[in-house]
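Accompanying notes for the structure given below.
Since every read-out is calculated from the coordinates, none of them should be taken as a lab result. These figures come from a predicted structure and were not determined experimentally. Cβ atoms come from the backbone with ideal geometry, glycine included; neighbour counts cover every protein chain shown.
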Ligand SMILES: C[S@@+](CC[C@H](N)C(=O)[O-])C[C@H]1O[C@@H](n2cnc3c(N)ncnc32)[C@H](O)[C@@H]1O
C-alpha cells in the first residue's frame, strides 16, 4: 500500500462514525470538514497533502527505532505503522485518554510492534540518542514548554537521525491566525508563542541539517537530520 493509500485508509477507518477529533484530522465527517475548511482553509486535497508531506521523513520500508510524540488518538499514524512491521515504534502522549484511543486502534489493526508510554515531551524517559527517527504531528503548537520539547526531541535522536512532522505556523493563512488567536488560545487548545516560517527555519537550521520546510496554508511540514 502506498503512503497516500495508507493515509486514505485512515479516512475510511474513521468514516462517519468517527469521534469529533478523528473526523477533523481526517476530513471525514461533516463537522470535521467544516472545521478544516472554515478554520484551516483546507479541502481534502490540502489535508492529504500536508499529512503526506509531514510523514515524508518516514520511508515506506522504515525498519529502525521511531518515537512518535504526541501520538494523540493515533488516527493519522496507525495505518502507516500497520505497514511497518519491522520498525520498533514507541508512542508517547501526556493524555491517557487520547493514547487509549490510539492503543485501541493498534489492537484492532493487529499491530504488535508499538510500545505506548504516557509522559511529557519536555522530560522524555529515554536515553540520549535512542531513536533513528522522531516524528511529531500537530504537537508543538500545543506543548506548553516548547523549548523543553525542542531540547528533548533533539536529545533522544541519534546523530544523523531524522526529525520530522508538522504543526501550526503563524502567518501561513490569515483566517487561521485569527481563529487560533481568538478561539484556540482562549480555549487552551493551543499555547503561544508560535513559530513563523522564518523563525522555524532558523531554529531548525541551528542544530539540524538538510532542513526542509513546506507550508500548506497554516501548517508547516518539516523534515531535517540531526548533525552527525
Ligand atoms: C492536537 S493533538 C495531536 C495528536 C496527533 N499527533 C495528531 O496529529 O492527531 C496534541 C496532543 O498533544 C498532547 N500533549 C500536549 N502537551 C503534551 C506534553 N507536554 N507531552 C506530551 N504530549 C502532550 C495532547 O495530549 C494531545 O494528544
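Computed quantities for the displayed model
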quantity	calculated
Residue, surrounded by the most Cβ atoms within 10 Å (Cβ to Cβ), within the range 203-217, restricted to residues that are in contact (Cβ under 8 Å) with a residue 40 or more places away in the chain and out of contact with any strand residue (DSSP E or B) (no Cβ under 6 Å at 6 or more places or on another chain)	216
Residue tally, condition crowded, with 19+ Cβ neighbours inside 10 Å and within 15 Å of residue 2 (Cα to Cα), over the range 55-86	11
